[in-house]
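Novice: Before I ask anything, let me first share the structure, which is written out below as structure tokens.
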Amino acid sequence: MESFTNERFQITLDYLYSRLPMYQRVGLKAFKKGLDNIDALCRYLGNPQERYPCLHVAGTNGKGSSSHMLAAILQSAGYRTGLYTSPHLKSFTERIRVNGREASREWIAEWVEKRKPLIEEINPSFFELTVAMAFDYFAHHQVEIAVIEVGLGGRFDSTNIIRPLLSLITNISYDHQDVLGSTLPEIAFEKAGIIKPFTPVVISQRQEEVSSVFIRRATEENAPLYFASDYYRVEIIGNGIFDIYRQDKLHMSAVKCQLMGQYQSKNIAGVMQVIECLRQRGWQISPEAIYKGLAEVSSITGLKGRWQVIRSQPLTVCDIAHNEDGLRQVIAQLRSVPYHHLHFVFGVVADKSLDKILPLLPLQATYYFCKPNLPRGLPAEILSQQAAGYGLKGQVYASVQEAYRAALAAACPCDMVLVSGSTFVVAEIEDL
């Protein structure tokens, strides 16, 4: 029975991948500006997104981690919690979870089969369809709250059809400039598109260059606005352990977070402000639920690829950082790790600004250049040539897995292997 379900599910995925344009595979050609398709899909389904309260999470970096933290805390508080994120690392079912359990393959196959005429009439993008599917899945499973992560931008993102309890915007930095704009204020304007009338919005960090964009949008929408960094300060006191201060007074001490990166301190501040806003609106979320949700976030929600340690000798870490700010934070984290020599498995997609990324990378490392296995992947030969101009030395490999195996073979027990540069590079690591 299981083999039949898996075969049926694979046939379903093959149908979706072949028929619907997918941004992760083909880039800008898959991006459909506007909400007409998702609106039509949801109307046909009876607007399932209106049957439960939602939290909406946008941002350049940190939105995935923050979404998982919020879901883990809400689940720990006893709420039946839906979580929608993208893209997936290993399996499509990772995108849609209820109380940490991935969506049923059988349910997905049946859902698509029943709606093939609708799919072929509307011809949505892959992302538009998966968003509608997630909304319907959460309604079918009677969630008490859903955490919905924006896919790209915010204003025209398919998730922006929801009317959330509260919105969170994590961080603004350069990414997807071909869609979102070439300056930080332009990118912030697209992210600010999730701010809804009279709906509280939390901004994780007060960034001088873009704060006015959020203030202006929130004022126009009469939306209460909170810059989390004005209220919360999160200090690292150990490996994955934080003290949380509110208004400069110790609020929660020795909080463990299963997400190990130092950069999570900024995300935790935003999450804490969201939890405070929810409490003010009657949601019962105890300190114990916060401690548990953060300490067990990866176990509860299945999050992978955020400074994830997958081997100890040599120390081997995967991180999906894929833009200037994300990689800057990963390199900062590297400075706190003792190792003899760094072996860096590195690949990117073709639309990344290498002139902003490559200068950040450490010179004292051996590079294993590779191409993620999708049409958008930048050929490893081109990446290697560009990297050489910045003094980065290494070899080209035919696949991510070949590069990874070569790095492990070359590394001594006291060395470090880092896999980063793209979500899709990390996704191909067999050990993950």
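The values are calculated or read from the model by the stated rules, or taken from the named source; none is laboratory data. In this text the structure is predicted, and so the values were computed from the model without any measurement. Neighbour counts run over all protein chains shown; Cβ positions are idealised from the backbone, glycine included.
Novice: Are there helices (runs of 4 or more DSSP H) fully within region 115-195 with at least 1 residues that are touching a Phe, Trp or Tyr at 6+ places or on another chain (Cβ under 9 Å), among the basic types (Lys, Arg) and surrounded by fewer than 19 Cβ atoms within 10 Å (Cβ to Cβ)? List them.
Specialist: 116-122
Novice: OK, next. Can you tell me which of 351, 355 is at pLDDT below 95, surrounded by fewer than 20 Cβ atoms within 10 Å (Cβ to Cβ), over 22 Å from residue 303 (Cα atoms) and in contact with a Gly (Cβ under 7 Å, 6 or more places away or on another chain)?
Specialist: Just a single option satisfies the conditions, and that option is 351.
Novice: Counting only residues that are of a type in the set (Ser, Thr, Tyr) and farther than 28 Å from residue 103 by Cα, which one in region 287-328 is surrounded by the most Cβ atoms within 10 Å (Cβ to Cβ)?
Specialist: Just the residues of region 287-328 that are of a type in the set (Ser, Thr, Tyr), to begin with: 291, 298-299, 301, 312, 316.
Keeping just the survivors that are farther than 28 Å from residue 103 by Cα gives 312, 316.
On the way: 312: 8, 316: 23.
Among residues in region 287-328 that are of a type in the set (Ser, Thr, Tyr) and farther than 28 Å from residue 103 by Cα, the one surrounded by the most Cβ atoms within 10 Å (Cβ to Cβ) is 316.
Novice: Does at least one position in region 409-423 carry a residue that is at pLDDT below 95 and either out of contact with any Lys or Arg (no Cβ under 9 Å at 6 or more places or on another chain) or more than 24 Å from residue 63 (Cα to Cα) (or both)? Break it down into steps so the answer makes sense when it comes.
Specialist: In the first step, residues of region 409-423 are kept if they are at pLDDT below 95; the result is 422-423.
Adding the requirement that they be either out of contact with any Lys or Arg (no Cβ under 9 Å at 6 or more places or on another chain) or more than 24 Å from residue 63 (Cα to Cα) (or both) leaves 423.
Yes, region 409-423 contains at least one residue that is at pLDDT below 95 and either out of contact with any Lys or Arg (no Cβ under 9 Å at 6 or more places or on another chain) or more than 24 Å from residue 63 (Cα to Cα) (or both).
Novice: Here's another thing I want to ask about it. Could you check how many residues of region 53-95 are touching a strand residue (DSSP E or B) at 6+ places or on another chain (Cβ under 6 Å) and closer than 11 Å to residue 148 by Cβ?
Specialist: 14
Novice: Name the single residue, out of those in region 199-220 being charged (D, E, K, R) and in a loop (DSSP other than H, G, I, E, B), that is nearest to residue 56 (Cα to Cα). Walk me through it before giving the result.
Specialist: So in region 199-220, the residues charged (D, E, K, R) come out as 206, 208-209, 216-217, 220.
Next, only the ones that are in a loop (DSSP other than H, G, I, E, B) stay: 206, 208-209.
Values: 206: 19, 208: 23, 209: 23 Å.
Among those residues, the one meeting the criterion is 206.
Novice: Moving on. Can you say whether residue 406 is touching a Phe, Trp or Tyr at 6+ places or on another chain (Cβ under 8 Å), closer than 20 Å to residue 328 by Cα and surrounded by fewer than 23 Cβ atoms within 10 Å (Cβ to Cβ), as far as the supplied structure shows?
Specialist: Against the criterion (touching a Phe, Trp or Tyr at 6+ places or on another chain (Cβ under 8 Å), closer than 20 Å to residue 328 by Cα and surrounded by fewer than 23 Cβ atoms within 10 Å (Cβ to Cβ)), residue 406 does not qualify.
Novice: Also, I was wondering about something else. Can you go through 66, 86 and tell me which one is in the same structural domain as residue 272 (by TED's automatic domain parsing), assigned to a helix (DSSP H, G or I) and either of a type in the set (Gly, Ala, Ser) or buried (at least 17 other Cβ atoms within 10 Å of the Cβ) (or both)? Walk me through it before giving the result.
Specialist: Values: 86 fails: assigned to a helix (DSSP H, G or I).
Within the list 66, 86, the selection yields 66.
Novice: (1) small (Gly, Ala, Ser); (2) surrounded by 17 or more Cβ atoms within 10 Å (Cβ to Cβ); (3) not in a strand (DSSP E or B): which one isn't true of residue 391, the others all being true?
Specialist: It is condition (2) that residue 391 fails.
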